[in-house]
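Here is the structure we will look at, set down as structure tokens.
Just so it is clear, none of the values below were taken in a lab; they were calculated from the coordinates. The shown structure was predicted, so the numbers you read here are calculated from the model rather than taken from an experiment. All Cβ positions, glycine included, derive from the backbone under ideal geometry; neighbour counts span all protein chains shown.
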Amino acid sequence: MRLFVILLASYLLGSLPTAVLVAKRVAGINILEHGSGNPGASNVFRLIGPRWAIATFMVDVLKGYLPVWLTSKVAADLLHPLLAPTPIAVLGWVGFAAFLGHVYSPFLRFKGGKGAATGLGAMFAIAPHSVTTAIVIYGITLYLWKTFALATLIAGASIPVLLYFLEGDRHLPTALWGLLVPTLLLFTHRKNVLRLLQGGEHGMNEPMDKHEDE
């Protein structure tokens with residue numbers, strides 16, 4: 001029961017629509033009706049600018065980081081023999097709940113963003129060295145190709161490899177657990193993947209039609 005309450009709290013925290021609130025407060029616009037229509041930091045970047053995009057990104061990261069970090073203090077007391085047999089599994093579920101809240105927010109009629117920043121925050125609380133390296137990979141990829149989606153997908157794909165070599169003591173199950181990250185990102189970025197394959201994905205400074213999912 002305690003684990004369920006924590007998962008629900010993590011989901012609700014993750015569901016707070018940061019980009020919607022920032023866009024409304026700063027620019028007086030409904031971000032769901034402008035740019036790509038996606039309530040995420042990259043759409044804030046295009047519509048309002050980098051300063052507010054960074055602020056949105058950091059809050060979204062904290063939505064994933066805080067519940068996992070707080071739960072880590074009591075994770076050993078929240079084990080479930082089937083669903084969460086280890087503390088890492090407990091933290092993984094808490095992080096997933098925050099990610100799910102961002103993607104399917106009850107405040108947005110169970111729609112939301114892509115979950116990359118919130119997932120990043122959750123992963124950072126679990127595996128800081130791997131995620132820090134993944135952020136560097138993201139920055140390099142974004143600099144080279146100027147495409148948010150591509151940078152996100154490449155950084156996400158690096159997570160299981162980094163977990164294996166940096167923090168998993170070369171333990172294969174840890175790397176396999178890390179595959180959840182690129183799998184979730186592929187799902188939420190499936191339209192971006194299709195456009196990348198077709199050569200039609202927008203660059204970071206290119207305007208987007210609001211009907212195009214970022």
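Things worth noting here:
- For H189, H102, order by how many other beta-carbon atoms lie within 10 Å, fewest first: H189, H102
- Linear extension gain, V161 paired with E33, 0.36 nm per residue minus alpha-carbon span: 42.3 nm
- From the coordinates shown, mean projected area of the Cα convex hull in nm² corresponds to which of (i) 15.3; (ii) 11.7; (iii) 12.5: (ii)
- The chain: angle of helix 116-126 to the longest principal axis, Cα-based, in degrees nearest 10: 20 degrees
- Between R109 and R51, the contour length at 0.36 nm per residue exceeds the Cα-Cα span by 18.1 nm.
- Rounded to the nearest 20 debye, the dipole magnitude of segment 127-208 is 200 debye, with +1 charges on Lys and Arg beta carbons, -1 on Asp and Glu beta carbons, and the Cα centre as origin.
- Arranged from fewest to most other beta-carbon atoms within 10 Å of their beta carbon, T118, T18 become T18, T118.
- The long axis of helix 18-27 is offset from the longest Cα principal axis of the chain by roughly 30 degrees.
- Helix-only CD estimate at 222 nm, as mean residue ellipticity for the chain, using -39500 (n - 2.57) per DSSP H run (n ≥ 4): -20500 deg cm²/dmol
- Listing M58, M1 from fewest to most neighbouring C-beta atoms within 10 Å gives M1, M58.
- Simple label model, 7 Å out from Cα along Cβ direction - L79 to K24, nm: 4.4 nm
- If you plug the beta carbon distance of L197 and H171 into 1/(1 + (r/R0)^6) with R0 = 30 Å, you get a FRET efficiency near 0.35.
- Between K111 and S105, the built amide H atoms are under 5 Å apart, and every one of these is 5 or more places off in sequence or on another chain.
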